Structure formats: C-alpha cells, structure tokens
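The next block holds one structure in the form of structure tokens; read it before the comments.
No value in this document is a laboratory result; all are computed from the given coordinates. The model shown is predicted, which means the values in this text are computed figures rather than measured ones. Neighbour counts are summed over all protein chains in view; Cβ atoms, including those assigned to glycine, are modelled from backbone coordinates with ideal geometry.
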C-alpha cells in the first residue's frame, strides 16, 4: 500500500518533524501542519487519505478540527494522537467519527499499522460506493461516501 | 475563619493542585514523546542505513533502547499521575474501584520499595462501577496503606483485595508480616478524621484483630 498521503497535525514542531521523517522512512507520503487552522487550509488544497491529529493545540482545538473534517471531507480518515488522552476525549473523538485514538508517544509500528488499516477501510468504502453506483443505487453510494458524525 | 469557608478554600486548593498537576503531566508527556521519536529516528537511521555505517553505529543501539524503556516507564507513571490529578475535577462520579486502587499502587510503589514491603492486589473480576467521590476514597486508602507501611517490618506484604455483593463493594487491606507496635507521627489523619471520610462516602470501616481493615462502600450514595 504505497502512496498513502498522511497529514500530521501537532503544535509541537520538533515532534511532528521527527515523526514525519520516521513515517517517510516507512514509505508514507507525509505533510505537516502545526495547528488546526493550517491543517484546514492544507486539506482545501490537497486532500490527504489519513490525518494524524493532536487535540490540545493553541487556537482551534483538535476536536473542532475533527468535527469540521468529518463534515466537509468525510473521506479523510482521522486518527487522534494526543498526550492528553482522557477516556472522555476518546469517546467524544469516536462519536465524532474519528477512526482511532492513540496516546502519545505511540509505538511507530502501531501508528503505521493504524494508518494502513484506516487507508484500507477508506478504499473499501469507496469500492462499495462504486459498486452501488454501478448498480444504480446512487443514494446509497452517496450515503456511504458522506458518512457524518453519528449523533 | 468559618468552617464552611475553610472547607471551600480547601476544595479550591485541591482543584487548583489537580489542574496544575494535570497540565504538568501533559507537558511532560509531550517532551518525552519528542525524546522517544528522536531516539526512534536514530534507531531507524542505524537499522535502515548503509551497511558500513550500520556496523559502526550498532553499539549505540542498546543505549537508545534503554532510553526508550525509561521513557515508557516515565509515561506509565505520568499516565497514572494524570488520571490521579483529574480525579480532583469532580467531587462525585462513576468510577471503577480497581482503577483507583491500581493507580494508588503505582504511585505508592516507590514508598513501599523503599521500605522493602510488597504491595500486591487480589481483585475479584467484574466489580461494578460505583458512584462516589474517587479522590476522597483514594485519600482514605492512601492513609491506610501509609499507616501500614510505617508500622510493618521490611519483607512484609500488603494485599489489597476486592469483592462485591448486590449493592456493596468491599475493599480489604490485608497485611502479612511483623507489625511493629509503634505510634507513628507522620502527618497522617487521626482515627476520627478517617471515620469522617468514610461517613462522607456513606460507607463503613472495620479494623479487625489481625490488623486487617475492611471498607464497605455502597454502589451508589443515593
């Protein structure tokens, strides 16, 4: 599974840059953003497959970024990676449609594994939607591709 | 100062300390995450590097792995400390007694190790969550363990046991070893204060002959 586009979002620049380098060494295409606003402008230009998102950042909180992403770009899979991982945060992130929730510092192979699984699930969803579209069930196809938060 | 005002100020101080501690643990985890990624990157560069430089750098690998191990240890204790700090956020909540006991055992393991006393658990599976004041309960158990740590001889053991019935949870503190019959002056609260805490939690405490202590707590305070 080459060419998975990943966007890392965290205000700790040293952390993001080092992690980006390690992910690139594992054949992932990685871009970085240092706050929520930057992440949202980035996805307007280039849509990543997977976003790895911190929660506590100055400015826009990660939970708000997640909410906006799920609404405007439901095909981006979001993995929360945070040092501030309370159970409440985990429940909320999953309720908003976050793909997974990891606590910092995560083992690199675990993170890479989660990214690949998230990407695989995105591909499978797209293929299911195509199959429905081909059989004329356009509404179902649209629903699959536009899954929003489960309130 | 009136008693109520003093109590309110005490609560405020606890919330303040909890917030500062939670913020501190969060920051520390961020710093440790950077160190761990940097150490990981060095290991990646060594293992994925060219064969000649790989051989030269190989002796560094054990030291880098040691850094990782120590970071994992630090994160483990910081996670417990973070949850401990957050327990002061709300005076009453639903929680698992095992969580707060596990947390205490981690946070008190250093005190026990220094006195060469073993802290161990014997928990009944599937104990239901209770609605109570977790920080206060934790404080009570801390006082009871600390008192035993001060009076037990080196080589002794303290076991925390749990069990449950239809509407109660039992926590038993079972010491094994030689108990020194000495009064300790270590700032621990008096018997009356401990009774007051247990009354606040709507529970009961029983001190048995063989130095065992049993705490009975309702599943809910309503």
*Using Cα pairs closer than 8 Å and at least 6 residues apart in sequence, work out the relative contact order for the range B:93-218, in percent.*
24
*Ranking B:93, A:135 by Cβ neighbours within 10 Å, fewest first, what do you get?*
A:135, B:93
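Stokes-Einstein diffusion coefficient for the range B:41-116 at 20 °C in a medium of 1.002 mPa s, Rh from the Kirkwood formula over Cα pairs: what value in µm²/s?
On the way: Rh = 15.7 Å.
Roughly 136 µm²/s, to the nearest whole number.
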*Mind checking the angle between helix A:36-45 and chain A's longest principal axis? C-alpha axes, 0 to 90 degrees, to the nearest 10.*
40
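First obtain the Kirkwood hydrodynamic radius of the range B:93-218 from its Cα pairs, then insert it into the Stokes-Einstein equation at 37 °C and 0.692 mPa s, and state the resulting D in µm² per second as a whole number. Mind showing how you got there, number by number?
Details: Rh = 14.8 Å.
Translational D for this selection: 221 µm²/s.
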*Quote the relative contact order of chain A in percent (integer), defining contacts as alpha-carbon pairs under 8 Å separated by 6+ residues.*
21
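Averaged across A:19-28, how many Cβ atoms of other chains sit within 10 Å of each residue's Cβ atom?
Values: counts 7, 1, 6, 7, 0, 0, 5, 2, 0, 0.
Taking all residues of A:19-28 together, the mean is 3.
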_Can you give me the convex hull volume of the Cα atoms of the range A:47-113, divided per residue and expressed in Å³?_
86
*asked:* Tell me the angle of helix B:134-151 to the major Cα principal axis of chain B, expressed in degrees between 0 and 90 and rounded to the nearest ten.
replied: 90
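How large is the helix-only mean residue ellipticity at 222 nm for chain A, computed as the sum of -39500 (n - 2.57) over DSSP H runs with n ≥ 4, divided by its residue count, in deg cm²/dmol to the nearest 500?
Numbers: 6 runs with 77 residues, N = 151.
Calculated from helices alone, the mean residue ellipticity at 222 nm is -16000 deg cm²/dmol.
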_For the range A:5-145, what are Rg and Dmax over the alpha carbons, in angstrom?_
15.1, 49
*So what's the angle, to the nearest 10 degrees on a 0 to 90 scale, between helix B:60-86 and the longest Cα principal axis of chain B?*
30
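In cubic angstrom, how much convex hull volume per residue do the alpha carbon atoms of chain B span? Before the final figure, lay out the partial values.
Values: hull volume 36.4 nm³, N = 222.
Taking only Cα atoms, chain B has a hull volume of 164 Å³ per residue.
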*Summing -39500 (n - 2.57) over the DSSP H runs of n ≥ 4 in chain B and dividing by its residue number, what mean residue ellipticity at 222 nm do you reach, to the nearest 500 deg cm²/dmol?*
-19500 deg cm²/dmol
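To make sure I understand, if each residue's beta carbon is the centre and we count other beta carbons within 10 Å, what order do B:214, B:178, B:25 fall in, fewest to most? All intermediate terms of the calculation are to be shown ahead of the outcome.
Values: B:214 16, B:178 12, B:25 23.
Ranking B:214, B:178, B:25 by Cβ neighbours within 10 Å, fewest first, gives B:178, B:214, B:25.
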*Taking other Cβ within 10 Å of each residue's Cβ, how do B:179, B:162 sort, fewest first?*
B:179, B:162
*Whole-Å semi-axes of the range B:82-161's equivalent ellipsoid, largest first, each the root of 5 times a Cα gyration tensor eigenvalue?*
24, 14, 10
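So what is the relative contact order of chain B, in percent, for Cα pairs below 8 Å that sit 6 or more residues apart? Let's see the in-between values first.
On the way: 276 pairs, mean separation 35.9, N = 222.
Reported relative contact order: 16 percent.
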*asked:* Let me confirm one metric for peptide A:5-16, namely the mean number of other chain beta-carbon atoms within 10 Å of its residues' beta-carbons.
replied: 2
*Shape metrics for the range B:3-86, restricted to C-alpha atoms - Rg then Dmax, Å*: 20.4, 74
*Which order do the peptides B:14-22, A:10-18 take when ranked by the mean count of other beta-carbon atoms within 10 Å per residue, highest first?*
A:10-18, B:14-22
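Can you pull the percent of Cα pairs in the protein assembly as shown with separation above 26 Å?
Value for the protein assembly as shown: 63 percent of Cα pairs lie more than 26 Å apart.
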